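A.B. asks: Please see the structure below; I have some questions.
The values are calculated or read from the model by the stated rules, or taken from the named source; none is laboratory data. Note that the structure is predicted; figures quoted are calculated from it, not measured. Here the Cβ positions follow ideal geometry from the backbone for every residue, glycine too, while neighbour counts run over all protein chains shown.
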Amino acid sequence: MTAKANETQGAAVVGTPAATVSGSGEGTPVSLQNLTRSFGATKALDGMSLDIAPGELVALLGPSGCGKTTALRIVAGFEYADSGEVLVNGRDVSGVPAAKRDMGMVFQSYSLFPNMSALDNVGFGLRMRKMAAGQRRGKAGELLEMVGLSAQAGQYPHQLSGGQQQRVALARALAIEPHVLLLDEPLSALDAKVRLQLREQIRTLQQRTGTTTIFVTHDQEEALSMADRVGVMSNGKLEQVAEPAELYARPATAFVAEFVGTMNRLPGELAGPGTVTVLGVSCAVIEGGPTSGSVDVLVRPEGLTVAPAEGGNGIISGRTFLGAVTRVAVLLSGDTEVRVDVPSAAALAMSPGTSVQVALPPTPVLVAPRVR
Amino acid sequence: MAALTKDLGIATAPPPAARHRRREGHGIWRWVVMIVAGVYFLVPLYAALRFAGLSGFKDVFTTPGFGDSLWLSVRLAAVTWIVSMLLMIPTTVYVHLRMPGLRRLLEGVTILPIVIPPVVLIIGVLQVMPLALRASVWLLALEYVVLAMPFAYRALDAGLRAIDVKTLTEASGSLGAGWLSTLWRVILPNMRTAVISATILIVALVLGEFTMASLDLKQTFPVWIVLFDQENAQISVAASIFALFVTWVFLMLITVIATRQSRRTGGGEVTLFTVAPQQTIGN
């Protein structure tokens, strides 16, 4: 019971300016240059480059096996790159062992030292830096206060909830005032509610300390809600690096479009340079992708309109109530199913089986090679 | 698994009545096993006590050779323990971290001392050892290190499997700890239970080993008991019971202390042959 109570209490404490711990000041620029890494025949990283501004939080997003964790581990010094460089503050750190890189890391699995209290866990990095015991305790205490766990200072990891453990791990990583904060799916072992609170807490702390941060996740919601910029990765390459809104609205590739958010594929024909015929209308095409022949047109659920119509081009095949909007599934001719978001009030008239007309507003669309 | 049973909660839990019946059934068999095993162990002990009599116990401490041989066995146990730990802890940790693929092989190699009879081992060793080492009692300690290896390795390996060595090592490394600090401050304290299990096994083994010591012509406590048996059987039996008692007290002491330590940091009870995994309370 205390665990739950403390979660909420902790979230409330964050944001108070009580704690005076600062990060490494203005933050450190980090640059990943043309990193490659192979494990046997598989290329985990295939020429990845990324520049991160001081104090920026960049999320690396991608399916498992896309290379995002490998990239993070190379920055941390737990893994080496076959070629390429990691520049921290303009200096190549490739030859520097992990212990001397000054990187704070929070792991996916619980990584607190079971034999030490929360306070000693947070103070461990300071102890390794030979800070005097009194000073160390003071600073560790401040950091625990910052994550809202002062009351748990004397408790051992097994007495803390999962969310609390990750908050202690965060405090521990920040205690050494790292050049870079590395977060390796720190929330994925937690349940949904705690995850949401901790997400906000991490972001608040990161902004307050101004620590340059790389955050690895496979959860697009996490990436979009927390990061200044999101890098979407696939097969060891960065497909696109952009601000969350930009990534959602203007995905650079079909992979990004389909990985971030929900995307419909509608069969279309390229009619000429820069135009495609889809659902019987002509639309402008966003640059990139194929230039002739049969294609798939990529449209978000909110990018389509649907209205009941006798003898329309589709039939409602399902409805999912999402609150203010309802996502309806419509079966079009040619066995294509699309999902369309409509205001929940309007969706009442669209029970499964209803004949509807699906239309595409005349905005530029993204096209990709036809998959079927 | 815990999450699974929690989710299924009601569905998997048998109705109270059935559970009760089953426990009762278990209860009877538990007592049968307890009594049979108890009789098996206690009857010879009782017979030995009767045979030794009070006089045997009175004389055992003043009998020549008793103190020297016991002291030799204790010293051998200590040296064997130190060498085993210095050798096996870094090895198991390194294998877990860097060469997990080698674990299978190591498991096979470390079981060899059990497969090969001690007689064969000691005769082989005595053949090739230089005289200086053959004359020294410490050769026996080195042999015991080999003999104890299967037990030490298994205990330590189980202990390392119970913790996430890789993550703990990396966490410690990222915070600026070198490998020695990591081993000393992070890994060792968290495999304390395993180290204690290994200690218990090594000590029990060395205090009771006869074949090697006897062939090596060293008068350890078990060797002394057997030799003395030919002179005064009563005192010899009293010494055996005394040795049993000392070993038992020692092992109990270790388990009680270890359990207290382990509970403090969330571990389970320490028994002679198990390493209880860490408890966690989830989210």
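A.B. asks: Considering (1) surrounded by 17 or more Cβ atoms within 10 Å (Cβ to Cβ); (2) without any contact (Cβ under 8 Å) to a residue 12 or more places away in the chain; (3) of a type in the set (Asp, Glu), say which one A:Asp92 fails and leave the rest.
C.D. replies: With respect to (1) surrounded by 17 or more Cβ atoms within 10 Å (Cβ to Cβ); (2) without any contact (Cβ under 8 Å) to a residue 12 or more places away in the chain; (3) of a type in the set (Asp, Glu), A:Asp92 is out only on (1).
A.B. asks: Could you check A:Thr2 against (1) within 14 Å of chain B (Cβ to nearest Cβ); (2) modelled with pLDDT of 90 or more and say which number it fails?
C.D. replies: With (1) within 14 Å of chain B (Cβ to nearest Cβ); (2) modelled with pLDDT of 90 or more applied to A:Thr2, the lone miss is (2).
A.B. asks: Return yes when B:Leu253 is under 23 Å from B:Val79 (Cβ atoms), away from every other protein chain (no Cβ under 14 Å), assigned to a helix (DSSP H, G or I) and modelled with pLDDT under 85 and no when it is not.
C.D. replies: Numbers: under 23 Å from B:Val79 (Cβ atoms): yes; away from every other protein chain (no Cβ under 14 Å): yes; assigned to a helix (DSSP H, G or I): yes; modelled with pLDDT under 85: yes.
For B:Leu253, the condition - under 23 Å from B:Val79 (Cβ atoms), away from every other protein chain (no Cβ under 14 Å), assigned to a helix (DSSP H, G or I) and modelled with pLDDT under 85 - is met.
A.B. asks: While we're on this one: Can you pull out every residue in the range A:153-202 that is outside any helix (DSSP H, G or I), more than 12 Å from A:Met105 (Cα to Cα) and facing chain B (nearest Cβ under 9 Å)?
C.D. replies: A:Tyr156, A:Leu160, A:Ser161, A:Ala189, A:Leu190, A:Asp191 - these are the residues of the range A:153-202 that are outside any helix (DSSP H, G or I), more than 12 Å from A:Met105 (Cα to Cα) and facing chain B (nearest Cβ under 9 Å).
A.B. asks: Which ones in the range A:99-127 are assigned to a helix (DSSP H, G or I), more than 8 Å from chain B (Cβ to nearest Cβ) and surrounded by fewer than 23 Cβ atoms within 10 Å (Cβ to Cβ)? If you could, list the steps in order and put the result at the bottom.
C.D. replies: First pass over the range A:99-127, keeping only residues assigned to a helix (DSSP H, G or I): A:99-100, A:118-127.
The next check asks that each one be more than 8 Å from chain B (Cβ to nearest Cβ); those that pass are A:118-123, A:126-127.
Correct list: A:Leu119, A:Asp120, A:Arg127.
A.B. asks: Answer yes if at least one residue in the range B:186-193 is farther than 30 Å from A:Leu183 by Cβ and either within 14 Å of another protein chain (Cβ to nearest Cβ) or in contact with a helix residue (DSSP H, G or I) (Cβ under 9 Å, 6 or more places away or on another chain) (or both), and no otherwise.
C.D. replies: Start the filter on the range B:186-193 by keeping residues that are farther than 30 Å from A:Leu183 by Cβ, which leaves B:192-193.
Pick out the ones that are also either within 14 Å of another protein chain (Cβ to nearest Cβ) or in contact with a helix residue (DSSP H, G or I) (Cβ under 9 Å, 6 or more places away or on another chain) (or both) and you get B:192-193.
Yes, the range B:186-193 has at least one match.
A.B. asks: So B:Tyr144 passes all but one of these: (1) away from every other protein chain (no Cβ under 14 Å); (2) modelled with pLDDT under 90; (3) under 25 Å from B:Leu201 (Cβ atoms). Which condition number does it fail?
C.D. replies: (2)
A.B. asks: Something else: Just need a number here: residues in the range A:53-70 that are surrounded by 24 or more Cβ atoms within 10 Å (Cβ to Cβ) and in a strand (DSSP E or B).
C.D. replies: 3
A.B. asks: For the range A:133-143, indicate whether the set of residues that are facing another protein chain (nearest Cβ under 8 Å) and not in a loop (DSSP other than H, G, I, E, B) is non-empty.
C.D. replies: no
A.B. asks: Right, next: Of all residues in the range B:121-141, which are assigned to a loop (DSSP other than H, G, I, E, B) and more than 16 Å from B:Val206 (Cα to Cα)?
C.D. replies: B:Met129, B:Pro130, B:Ser136
A.B. asks: Looking at (1) at pLDDT below 90; (2) out of contact with any Pro (no Cβ under 7 Å at 6 or more places or on another chain), which one does A:Ala242 not meet, given that it meets all the others?
C.D. replies: Result: A:Ala242 passes all but (1).
A.B. asks: Starting from residues that are at pLDDT below 90, out of contact with any His (no Cβ under 6 Å at 6 or more places or on another chain) and part of a helix (DSSP H, G or I), keep the ones in the range B:158-178 and report whichever is farthest from the other protein chains (Cβ to nearest Cβ).
C.D. replies: B:Ala158
A.B. asks: Here is a list of conditions, (1) at pLDDT below 85; (2) over 18 Å from B:Thr91 (Cβ atoms); (3) surrounded by 18 or more Cβ atoms within 10 Å (Cβ to Cβ), and B:Ser197 meets all of them except one; can you say which number that is?
C.D. replies: (2)
A.B. asks: Now for a different question. Taking the condition more than 23 Å from B:Leu168 (Cβ to Cβ), within 12 Å of chain B (Cβ to nearest Cβ) and modelled with pLDDT under 90, does A:Arg250 pass?
C.D. replies: Answer is no for this residue.
A.B. asks: May I ask you to list the residues in the range A:270-325 that are aliphatic (A, V, I, L, M), free of Cβ contacts under 8 Å to residues at least 40 places away in the same chain and not in a loop (DSSP other than H, G, I, E, B)?
C.D. replies: A:Ala271, A:Val325 - these are the residues of the range A:270-325 that are aliphatic (A, V, I, L, M), free of Cβ contacts under 8 Å to residues at least 40 places away in the same chain and not in a loop (DSSP other than H, G, I, E, B).
A.B. asks: May I ask you to verify whether B:Val109 is of a type outside the set (Phe, Trp, Tyr), without any contact (Cβ under 8 Å) to a residue 12 or more places away in the chain, under 27 Å from B:Asn190 (Cβ atoms) and more than 14 Å from chain A (Cβ to nearest Cβ)?
C.D. replies: yes
A.B. asks: Scan A:Val58, A:Val75 and give me the residue that is out of contact with any Ser or Thr (no Cβ under 6 Å at 6 or more places or on another chain) and either farther than 14 Å from A:His179 by Cα or without any contact (Cβ under 8 Å) to a residue 40 or more places away in the chain (or both).
C.D. replies: Of A:Val58, A:Val75, the one residue that is out of contact with any Ser or Thr (no Cβ under 6 Å at 6 or more places or on another chain) and either farther than 14 Å from A:His179 by Cα or without any contact (Cβ under 8 Å) to a residue 40 or more places away in the chain (or both) is A:Val58.
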